[in-house]
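Asks: One structure coming up, written as structure tokens, with questions to follow.
The values are calculated or read from the model by the stated rules, or taken from the named source; none is laboratory data. Owing to the predicted nature of the structure, the values given are computational and were not obtained by experimental measurement. So basically every Cβ, Gly included, is an ideal-geometry build from the backbone, and we count neighbours across all protein chains shown. Surface areas here come from the heavy atoms of the whole protein model, side chains and all, with no ligands, DNA or RNA. Shrake-Rupley method; radii C 1.70, N 1.55, O 1.52, S 1.80 Å.
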Amino acid sequence: MSNKFDVLVIGSGPAGYVAAIRAAQLGLNTACVEKMTGKDGKPTLGGTCLNVGCIPSKALLDSSYKYHEAKDDFGIHGISADGIKMDVPAMVGRKDKIVKQLTGGVGSLFKANGVQHIVGTAKLHGGRKVSVVDFEGNETVYEADNVIIASGSTPIDIPPAPVDNELILDSTGALEIQEVPERLGVIGAGVIGLELGSVWNRLGSEVVLLEAMDSFLAMMDQQIAKDSAKIFKKQGLDIRLKSRVTGSEIKDGKVVVSYEDANGETQTETFDKLIVCVGRKPNTDGLLADDSGVKLDERGRIYVNDLCATGAPGIWAVGDVVRGPMLAHKGSEEGVMVAERIAGQKPLVNYDIIPNVIYTHPEVASVGRTEEQVKADGEEYNVGVFPFAASGRAMAANETAGMVKIIANAETDRVLGCHIVGPSAADLVQQVALAMEFGTSAEDIGMTVFGHPTLSEAVKEAALAVNGHAIHIQNRKRRK
């Protein structure tokens, strides 16, 4: 194998492997360096997302929801299902099979497209040189005309709750729990905390989420966030805001957590397991040599411009390691953009239209600006809301919780944002994301013919409601 490449990618997560494949498709001699190993100790591709993030967590979410549905919801359909049991090791085993299949698929795609897979830990030096140390400690230096850094992110540790992945778990360790904890504590009520908390709540755990912030899902549209909170609490999730964890200790095989509550008083809770989900940090430790020419910001992220170029010629960075939301699909689009720009094309990523999803049940999804952001921008706007309780398809499916909310400019009617909590929210919001990409108006969506009966009719009705034209609910007065 040659030590000189047109493109060398560091990291094989959704940003890195997509960048590598696209670069190879464009005729560039491409290699991808990855240091990650799987549960079997062998080299693996796909990064956090495929191995210990997006994919395995969704497998557990789907399995746990099917159990909950069979145990608690089949009766309303006239289906008797007595004696339902969950085999947790089998559930985890299914998750592992899916991971192995998908990570193996990335390897097959590398071979099909001619991407060289280099195993080891990479470090970027000046002159676009990359040293890679393999598992035996051997170092090899590679050169490239262009280097794409896609090294991803890792969970943030906090001193009050040091992770041992036995009783105090990070998001990776939480994927390997082999039996249902009687009481489960979760530090952080964000995306990961809600998803993992939902898995074990469905399986019978008493789940307590301790969130330091005083608002729930602060990054989401607050009307949707408040409705989501009501739904999650009804499901049994005990969400405690303004609860700052100050310490923890292992006692008699359990975790005793101390925290300061909303009144400033010290409280303690005892859990069988504790999951720490307080965010993620970019993987830049040890990545850059002093002469690399690449700069980091105050949060340890690689500084890039709008085209993902660093300050060093021929060095690019994409995904979780740069500014913006840590979302796999955002990183993938950046990876494609950079690969195509290296090949002489001029694509752009529309950062204003990146969907965000929480895979609870019901799902919570958004694209574009929230009502709070539009209001802060001083822009006049109208809002249309349609509840799933008024959807015939949602009623038939016994999925009536939640709503669709669409925000549009008051003068031009151009859609500014869509926010959904409800069944299939992740897929429904993508319809609006596609429409927004083409600069659609709420009226355009409202004039589009939607199949009946479908959940997506709720999108059409919300768009009609923006201008007071909804058919299946009473219209609110338009914002003035």
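Asks: For a protection proxy built on the mean count of beta-carbon atoms within 10 angstrom, sort 115-122, 126-133 highest first, please.
Replies: 115-122, 126-133
Asks: Return the carbon/sulfur percentage of the accessible area of the chain, one whole number, probe 1.4 Å, all protein chains in place.
Replies: After summing per-atom areas, the C and S share lands at 49 percent.
Asks: Using 7 Å Cα-to-Cβ label points, what is the Asp252/Asp285 separation (nm, one decimal)?
Replies: According to this spin-label approximation, the distance is 3.5 nm.
Asks: How do the peptides 204-213, 265-274 rank, highest first, by the average count of neighbouring beta carbon atoms within 10 Å per residue?
Replies: Taking the mean over residues of other Cβ atoms within 10 Å, the ranking is 204-213, 265-274.
Asks: Project the alpha carbons of the range 87-232 onto their principal axes and report the range along each, largest first, in whole Å.
Replies: So the extents along the principal axes, rounded to whole Å, are 54, 36, 32.
Asks: Counting every Cα pair in the range 370-480, what percent are over 26 Å apart?
Replies: I get 11 percent for the Cα pairs in the range 370-480 exceeding 26 Å.
Asks: Over 25 Å between Cα atoms, which of Lys97/Lys226; Lys111/Lys346; Lys35/Lys330; Lys39/Lys111; Lys66/Lys95; Lys35/Lys273 qualify?
Replies: Going by Cα-Cα distance, Lys97/Lys226; Lys111/Lys346; Lys35/Lys273 fall outside the 25 Å limit.
Asks: Counting just the Cα atoms, what span does the range 423-480 cover along each of its three principal axes? Round to the nearest Å and put the largest first.
Replies: 29, 27, 19
Asks: So for the range 1-64, considering every pair of alpha-carbon atoms, how many percent are separated by more than 16 Å?
Replies: The share of Cα pairs beyond 16 Å in the range 1-64 comes to 53 percent.
Asks: Same structure, new question: Over the range 43-171, what is the relative contact order in whole percent, taking alpha-carbon pairs under 8 Å and six or more residues apart?
Replies: Once divided by the residue count of the range 43-171, the mean separation gives 21 percent.
Asks: What is the ratio of the Cα radius of gyration of the chain to 2.2 N^0.38 Å, with N the residue count, to two decimals?
Replies: 1.04
Asks: Measuring with a 1.4 Å probe in the full set of protein chains, what accessible area per residue, in whole Å², belongs to the chain?
Replies: Value for the chain: 46 Å² per residue.
Asks: Using Cα-only point scatterers and the Debye equation, what is log10 of I(q)/I(0) for the range 174-241 at each q in 0.14, 0.15, 0.25 Å⁻¹, rounded to two decimals?
Replies: -0.39, -0.44, -1.11
Asks: Assuming a ≥ b ≥ c are the square roots of the Cα gyration tensor eigenvalues, decide whether the range 247-343 counts as rounded (a/c under 1.5), prolate (otherwise, with a/b larger than b/c) or oblate.
Replies: prolate
Asks: Relative to the Cα centre, what is the charge dipole magnitude of the chain, using +1 at the beta carbon of each Lys and Arg, -1 at the beta carbon of each Asp and Glu, and rounding to the nearest 20 debye?
Replies: Dipole size: approximately 680 debye.
Asks: In addition: At 222 nm, what helix-only mean residue ellipticity would the chain give, in deg cm²/dmol to the nearest 500, using -39500 (n - 2.57) for each DSSP H run of four or more?
Replies: -9000 deg cm²/dmol
Asks: Semi-axes, largest first, in whole Å: what does sqrt of 5 times each Cα gyration tensor eigenvalue give for the range 251-299?
Replies: Each semi-axis is √(5λ); the values are 39, 16, 8 Å.
Asks: For the range 310-435, what does the equivalent ellipsoid look like in terms of its semi-axes, each the square root of 5 times an eigenvalue of the Cα gyration tensor, given largest first in whole Å?
Replies: With the √(5λ) rule applied to the range 310-435, the semi-axes are 33, 19, 12 Å.
Asks: Let me ask something else. Compute the Kirkwood hydrodynamic radius of the range 82-121, taking the inverse of the mean of 1/r over all pairs of distinct Cα atoms, and give it in Å to one decimal.
Replies: By the Kirkwood definition, the hydrodynamic radius is 12.7 Å.
Asks: Using the alpha carbons of the range 195-316, what is the convex hull volume per residue in cubic angstrom, as a whole number?
Replies: Spelled out: Cα convex hull of the range 195-316, divided by residues, is 180 Å³.
Asks: Now, a different point. How large, in Å, is the range 326-390 by the Kirkwood hydrodynamic radius built from its alpha-carbon pairs?
Replies: Roughly 14.9 Å, rounded to one decimal.
Asks: Follow-up. Can you list the HN-Hα couplings for the range 258-271, worked out from phi with the Karplus curve (6.51, -1.76, 1.60; θ = phi - 60°), rounded to whole Hz and with x for Gly and Pro?
Replies: 9, 8, 9, 7, 4, 9, x, 9, 7, 10, 10, 9, 10, 10
Asks: Would you mind putting 283-295, 385-397 in packing order, based on average other-beta-carbon counts within 10 Å, highest first?
Replies: Output ranking for 283-295, 385-397: 385-397, 283-295.
Asks: Which whole-Hz couplings ³J(HN,Hα) result when phi for each residue of the range 316-325 is put into the Karplus expression 6.51 cos²θ - 1.76 cosθ + 1.60, θ = phi - 60°, listed in order with x for Gly and Pro?
Replies: Karplus values, whole Hz, x for Gly and Pro: 10, 9, 9, x, 5, 7, 10, 4, x, x.
Asks: Please report the relative contact order for the chain, taking Cα pairs under 8 Å with a sequence separation of at least 6, and give it as a percent rounded to a whole number.
Replies: 14 percent
Asks: With no solvent and one equal point scatterer placed on each C-alpha of the range 49-148, evaluate the Debye formula and give log10 I(q)/I(0) for q = 0.16 Å⁻¹, two decimals.
Replies: Cα-only, vacuum Debye calculation for the range 49-148: -0.86.
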